[in-house]
Amino acid sequence: MSITEKDQPHRVLLVSVPRTASNLLVKILNIHNQPNVLTSPNAGYFFYDAFMIAGRDGRLDRPLEEWTTEAKDETKAAIQQGFDELEAYSTRARTENKIMFAKEHAFWFLNPGFFTSTINGAESSEYMKEFNVSMPERYGPSQTFSANNKTVMPDEYLRTWQIVFIIRHPALAWASMYRAMIKLSKAGFIDDDGMRGATITNMTMKWTRKLFDWCLEQPDEPIAPLVIDANDVIHNQGAVVRFCEKAGLDTASLQFEWNGDTKKSENWVSENGRTGNSEEVQMHKVAASIMLSTLEQSTGVVKDKAPVSVDIDVEVAKWRVEFGNEVAEMLEKATRDSMPDYEYLKANRVTV
């Protein structure tokens, strides 16, 4: 028996890309203290391990034809495990009559074949299907993937979520990402190949836009999916309040200041099922501390991290000084390539 509209749980999926202030938004929403919300200790990231495994040994830089059977099986198992954990939380939320909330980067639950297809342009390979998740029977027997659904989850499943998005001007997001990757490289978390691969996978809003367009195509969607810009998160409290309302969350729980004594990164690894003192666990702790450093050191919204206006030419000149010409040119290309998607999404953002 399939899920009917009446008994579908209300659940919210926040789709982001790195350095778009998504952790800041979750902090402001005060998601763990929302009275009628259930989420994981990290408010999502169920597909983090799957993406990390998919990217091992430069796999995402190679066509799927060159993947070993072991690599495919390992990736498939990790994707399914992430989905099963997400569903376990969703089942609990439904049992407790709560809203389920999860945050994921757009490319973390992307079918890995769409990364590798950029190499040879082959998107229609039959074996890409092997990465798609196996769903519980309650979602019905049909599993379809429309043109803009590049994820590992079928249309029928995605329709059971309220999908919302956070975006940020690419010049700010991509430069911030590169700075973080430099720190990760110095800490030994990624090598040169990893930095190159992270640039390709992280510095795009292509997958965000495709999922947004997928939402618009759904027959029972009365309004456009919610989009919030990081600039509004930082400078426009009214937009955050409206976003919160439209997502069905409690506006009374919002916070724009906090004590600054919560070190989320210290617990991030164990909360994702990694325990002990292995080298991998320690490296993930270092990575989490780097990615969350600004938020953890703050006691409220840091407005100087988000200029009200951005001039790409001015930013490129700064990058040449900070990173050198080669990196500046890479960031400029990534930024300009991303601008059409960003402007399109921005035009649909929540405003007041």
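Roughly how many nanometres apart are two label points built 7 Å out from the Cα toward the Cβ at residue 246 and residue 333?
Calculated label separation equals 3.5 nm.
Given H placed on each backbone N at 1.01 Å, which residues far from residue 38 in sequence or on other chains put an amide H within less than 5 Å of it?
Residues meeting the amide H criterion: 99, 100, 101.
Tabulate in residue order the Karplus-calculated ³J(HN,Hα) for the stretch 15-23, using 6.51 cos²θ - 1.76 cosθ + 1.60 with θ = phi - 60°, rounded to whole Hz; enter x for Gly and Pro.
Whole-Hz 3J(HN,Hα) from phi for the stretch 15-23: 9, 9, 10, x, 6, 9, 6, 5, 5.
Given a Förster distance of 25 angstrom, what is the FRET efficiency for residue 36 paired with residue 344, based on the Cβ-Cβ distance and rounded to 0.05? All intermediate terms of the calculation are to be shown ahead of the outcome.
Working: r = 33 Å, r/R0 = 1.32.
About 0.15, to the nearest 0.05.
With every protein chain in place, what's the accessible area of residue 169 (1.4 Å probe, Å², nearest 10)?
Estimated to the nearest 10 Å², residue 169 gives 20 Å².
For residue 143 and residue 96 in the same chain, what is the full-extension length gain: residue separation times 0.36 nm, less their Cα-Cα distance, in nm?
Here the answer is 14.2 nm.
Expected output is a single nm value to one decimal: the length gained when fully extending between residue 68 and residue 182, i.e. 0.36 nm times separation in residues minus the C-alpha distance. What is it?
Difference between extended and current length: 38.0 nm.
Past the 31 Å Cα-Cα mark, which pairs from 27/210; 76/246; 27/98; 98/129; 72/206; 72/346?
Details: 27/210 27 Å; 76/246 35 Å; 27/98 19 Å; 98/129 33 Å; 72/206 24 Å; 72/346 36 Å.
Distance filter (> 31 Å) returns 76/246; 98/129; 72/346.
With a 10 Å radius around each residue's Cβ, average the other Cβ atoms per peptide and rank 45-52, 341-348, highest first.
Listed from highest to lowest mean packing, they are 45-52, 341-348.
Would you mind putting 15-28, 75-88, 309-322 in packing order, based on average other-beta-carbon counts within 10 Å, highest first? Provide the component values of the computation, followed by the final result.
Numbers: 15-28: 24.3, 75-88: 18.6, 309-322: 13.7.
The packing order, highest mean first, is 15-28, 75-88, 309-322.
The values are calculated or read from the model by the stated rules, or taken from the named source; none is laboratory data. Quick caveat, the model's predicted, so the values are computed rather than measured. All Cβ positions, even for glycine, are placed from backbone atoms using ideal geometry, and neighbour counts span all protein chains on display. Quick note on the areas: whole protein, heavy atoms, side chains included, nothing else; ligands and nucleic acids left out. Shrake-Rupley method; radii C 1.70, N 1.55, O 1.52, S 1.80 Å.
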